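Peer 1: Just dropping this structure here.
The values are calculated or read from the model by the stated rules, or taken from the named source; none is laboratory data. Everything numeric here is computed off the predicted structure, so don't read it as measured data. Backbone-built Cβ (ideal geometry, glycine too); neighbour counts: all protein chains shown. Ligands, DNA and RNA are excluded from the accessible area calculation, which covers all protein heavy atoms including side chains. Shrake-Rupley method; radii C 1.70, N 1.55, O 1.52, S 1.80 Å.
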Amino acid sequence: MKSQNLKTIRTAVCAALLIGSAALLPILPSAATQSMAPGRQVAESGPSAPATGIRPQGDTEISIDMSQVKNPDLPKIFNYIDAHIDEHVRNLQKWIQQPSVSNTGEGIQESAQMVKGYFDQLGCQSTKVYDPGIAEWGQQSNPVVYAKCDEGAKKTLVVYWMYDTMPITQPDLWIRPPFAGDLVEQAPYKKVLIGRGAVNSKGPQMAQWNALMSIKAVTGKLPVNLIIVAEGDEERMDMGYRTFIKAHPELFKGADAMFVFGGQLGIMGGSEGCLFIELTTSGKSWGRGPVYSDIHGANKRSVDSPAWRHIKMLSTLAAENGNKVLIPGFYDNIVPLTAVEKAKLAEAAKKMKPDEAAKNLGVARFIADKPVDIVTMSRYGTSFNVDGIWSGNMFPGGSGAILPNTITSKHNIRYVPNMTGPDIVKKLRAYLDKEGYQDVKINVVGDVPWAKMHYDTDIAHAVEKTFKAFNIDYQQPLEDQASILGGYWPAYLFAGDPINIPIAGGMAGSGGGAHSANEFYVIEGAKKTYGMAGAEKSVAMTLYNFAGSN
């Protein structure tokens, strides 16, 4: 999609009166535009009611066990967060309102400068926007933003960010404009923020930044030194980030661990592998059908169709239901789950309600019926997905006879130890050739290898200690063996080559709808889910835990 087309879509969405199930609330103004209530500038005086009506605790049924908060600065920081939560939410709204769509390029350069500005405001002595140049797969990389904050502390923590988001592919399904950052009521939450990037990943990252700014406002310095790296290519297979890290490992010298944004379901660190490819069938390569451009569809009576050939080719790659890959040797080299890993997944399955989980995800049902099978499939294994396909007449509801000369499909392939991206491509090429599809082109868009992680580490224990103090019922990680048991993110660059340090992620707070319509981040918590204030407090406590000062 071209940038101009995306702008047109945004304009149309903003103009439309969309009807949704959520009760709509007005955009909340920044706290900076309102009178400061007495005592709000004095953190230890306790929280005052936010002028915008945002309740820091919301309807959350769990709370922080303050007996586990030992450092005297933390209660002051918690109070400061409560007192400034309306301003903190406005910070997130402003970030959502700046598009940063890596696949189209819309707002990417502006967003990189905006993120650098956040690190400048934090007081980092070194901040810079890097251009990694051409990635190894031939694409122009998006900027990487780097910052270093020397607080004179004993420990140094790398903080990973991504500032890019997915495009808006179904604008008519959004209940509010995707780049407005509006607040709505969405049961069981009285306030969630709707917007592209809300949960993936500007919401949790802004909670981190708000927490860091709150710590400095109260104490004047952070408990740890920080090295912050923010990429603009996460939704494009981290191509620029990969180039940057491999070219500049010296910028992370002295780092003790990496802290990743996240939610309160569990502690993350390791990553599955992800290969992204494009398959293209063209009349020119095939030697049949249109060889230069699309032609009139009436010619199908006498001319072969590359599109039909492509569909037939795709049907040979997987079983009829699409759930089993038919490429010979595809499942070779897979390391089976250990008994300990199976036990962890079985434990997690006890808390799962398939019907409720399917509804929350927005699907009719899962492939399997048993909770343990669903949990296992979602957290370990392989898949060969059709992410998109395009050719010829792409106008919804329109007509116009076209016989396309080229058809392309996109595929992301998730893989686990000891599979590799290059080996999968090699087996796919051999299979296509054997089946008579030597002309079908394979274009590798990117490859992110898997990475295992140990969790008997200071940073993982720091997150666990926070979860316990916040009374969060989370999935405990394995500590006696390296494991993945999680989704994809570029962990591998800091999990062995070129940098090898412990990684852990997790914080209070939650959201949903990543990569889909009506993506949201919880502002006011409910039941056992914290809102944004709780998320910020958890970040502060984790930093003090890691520093050994709580």
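Peer 1: For the stretch 384-402, what are the residues that are surrounded by 14 or more Cβ atoms within 10 Å (Cβ to Cβ) and among the small types (Gly, Ala, Ser)?
Peer 2: Of everything in the stretch 384-402, those that are surrounded by 14 or more Cβ atoms within 10 Å (Cβ to Cβ) and among the small types (Gly, Ala, Ser) turn out to be SER391, GLY392.
Peer 1: Continuing with this model, one more query. Could you list, ordered by first residue, the pairs with Cβ atoms under 7 Å in which the first is in the stretch 333-359 and in contact (Cβ under 8 Å) with a residue 12 or more places away in the chain and the second is open to solvent by 50 Å² or more (accessible area, probe 1.4 Å) and in a helix (DSSP H, G or I), at least 6 apart or interchain?
Peer 2: The qualifying pairs are LEU345/VAL372; LEU345/ARG379; ALA346/VAL372; ALA349/VAL372.
Peer 1: Just for the stretch 456-482: of the residues that are surrounded by fewer than 24 Cβ atoms within 10 Å (Cβ to Cβ) and touching a Gly at 6+ places or on another chain (Cβ under 6 Å), which one is farthest from GLY269 (Cα to Cα)?
Peer 2: Residue satisfying both the conditions and the ranking: TYR474.
Peer 1: I'd like the full set of residues that are assigned to a helix (DSSP H, G or I), among the polar types (S, T, N, Q) and under 27 Å from ARG176 (Cα atoms), limited to the stretch 89-137.
Peer 2: Taking the stretch 89-137 as the starting set, the residues that turn out to be assigned to a helix (DSSP H, G or I) are 89-96, 108-122.
Now restrict to residues that are among the polar types (S, T, N, Q): 91, 93, 109, 111, 113, 121.
Answer for the stretch 89-137, where residues must be assigned to a helix (DSSP H, G or I), among the polar types (S, T, N, Q) and under 27 Å from ARG176 (Cα atoms): ASN91, GLN93, GLN109, SER111, GLN113.
Peer 1: Hey, does the stretch 127-136 have a residue that's surrounded by 17 or more Cβ atoms within 10 Å (Cβ to Cβ) and within 19 Å of PHE261 (Cα to Cα)? Show your work before the answer.
Peer 2: So the first thing to find is which residues in the stretch 127-136 are surrounded by 17 or more Cβ atoms within 10 Å (Cβ to Cβ), and the list is 127, 130, 132, 135.
With the extra rule that they be within 19 Å of PHE261 (Cα to Cα), the set shrinks to none.
So far as the stretch 127-136 goes, no, none of its residues is surrounded by 17 or more Cβ atoms within 10 Å (Cβ to Cβ) and within 19 Å of PHE261 (Cα to Cα).
Peer 1: Moving to a separate point now. Out of the residues in the stretch 406-427 meeting the condition of being open to solvent by 60 Å² or more (accessible area, probe 1.4 Å) and of a type outside the set (D, E, K, R), tell me which one is nearest to GLU278 (Cα to Cα).
Peer 2: Out of the qualifying residues, it is PRO422.
Peer 1: Scan the stretch 415-471 for residues that are polar (S, T, N, Q) and under 21 Å from GLU136 (Cα atoms) and report the count. Steps first, please.
Peer 2: Quick first cut of the stretch 415-471, residues polar (S, T, N, Q) only: 418, 420, 438, 443, 457, 466, 471.
Narrowing the set further to residues that are under 21 Å from GLU136 (Cα atoms) leaves 420, 443.
Residues flagged as polar (S, T, N, Q) and under 21 Å from GLU136 (Cα atoms) within the stretch 415-471 amount to 2.
Peer 1: Right, something else. Looking at ALA430, ALA368, which one is assigned to a helix (DSSP H, G or I), of a type in the set (Gly, Ala, Ser) and surrounded by fewer than 17 Cβ atoms within 10 Å (Cβ to Cβ)? Walk me through it before giving the result.
Peer 2: Numbers: ALA368 fails: assigned to a helix (DSSP H, G or I).
Step by step, each of ALA430, ALA368 is checked, and only ALA430 is assigned to a helix (DSSP H, G or I), of a type in the set (Gly, Ala, Ser) and surrounded by fewer than 17 Cβ atoms within 10 Å (Cβ to Cβ).
Peer 1: Hey, can you tell me all the residues within the stretch 519-550 that are touching a Phe, Trp or Tyr at 6+ places or on another chain (Cβ under 7 Å), closer than 30 Å to VAL184 by Cα and surrounded by fewer than 24 Cβ atoms within 10 Å (Cβ to Cβ)?
Peer 2: The one that is touching a Phe, Trp or Tyr at 6+ places or on another chain (Cβ under 7 Å), closer than 30 Å to VAL184 by Cα and surrounded by fewer than 24 Cβ atoms within 10 Å (Cβ to Cβ): ALA526.
Peer 1: Another one. Can you tell me which residue is nearest to GLY269 (Cα to Cα) among those in the stretch 168-178 that are open to solvent by 20 Å² or more (accessible area, probe 1.4 Å), of a type outside the set (A, V, I, L, M) and assigned to a loop (DSSP other than H, G, I, E, B)? Quick ask: steps written out before the conclusion?
Peer 2: Narrowing the stretch 168-178 to residues open to solvent by 20 Å² or more (accessible area, probe 1.4 Å): 169-173, 175-177.
Now narrow it down to the ones that are of a type outside the set (A, V, I, L, M): 169-172, 176-177.
Applying the additional criterion that residues be assigned to a loop (DSSP other than H, G, I, E, B) yields 169-170, 176-177.
On the way: THR169: 30, GLN170: 32, ARG176: 33, PRO177: 33 Å.
Looking at residues that are open to solvent by 20 Å² or more (accessible area, probe 1.4 Å), of a type outside the set (A, V, I, L, M) and assigned to a loop (DSSP other than H, G, I, E, B), I get THR169.
Peer 1: Looking at TYR488, is it assigned to a strand (DSSP E or B) and at negative phi? Working first, answer last.
Peer 2: On the way: assigned to a strand (DSSP E or B): no; at negative phi: yes.
Here the answer is no, as TYR488 does not meet what is asked.
Peer 1: Do you know which residues across the stretch 34-88 are assigned to a helix (DSSP H, G or I) and either at pLDDT below 70 or open to solvent by 30 Å² or more (accessible area, probe 1.4 Å) (or both)?
Peer 2: Let us first name the residues in the stretch 34-88 that are assigned to a helix (DSSP H, G or I), namely 43-45, 66-68, 73-83, 85-88.
The answer is ALA43, GLU44, SER45, MET66, SER67, GLN68, ASP73, PRO75, LYS76, ASN79, TYR80, GLU87.
Peer 1: Go through the stretch 280-327 and give me each residue that's of a type in the set (D, E, K, R) and part of a helix (DSSP H, G or I). Before you say what the answer is, go through the steps one by one.
Peer 2: We begin by selecting, within the stretch 280-327, every residue of a type in the set (D, E, K, R); these are 284, 288, 294, 300-301, 304, 309, 312, 320, 324.
Passing the criteria: LYS284, LYS300, ARG301, ARG309, LYS312.
Residue by residue, here is whether (1) open to solvent by 10 Å² or more (accessible area, probe 1.4 Å); (2) part of a loop (DSSP other than H, G, I, E, B); (3) farther than 20 Å from LEU92 by Cα holds:
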| site | (1), (2), (3) |
| --- | --- |
| LYS190 | yes, no, no |
| PRO204 | no, no, no |
| ALA207 | no, no, no |
| SER214 | no, no, no |
| LYS221 | yes, yes, yes |
| PHE244 | no, no, yes |
| LEU251 | yes, no, yes |
| ALA255 | yes, yes, yes |
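Peer 1: I would also like to ask the following. How many residues are surrounded by fewer than 19 Cβ atoms within 10 Å (Cβ to Cβ) and in a loop (DSSP other than H, G, I, E, B) when one looks only at the stretch 438-451?
Peer 2: Residues flagged as surrounded by fewer than 19 Cβ atoms within 10 Å (Cβ to Cβ) and in a loop (DSSP other than H, G, I, E, B) within the stretch 438-451 amount to 1.
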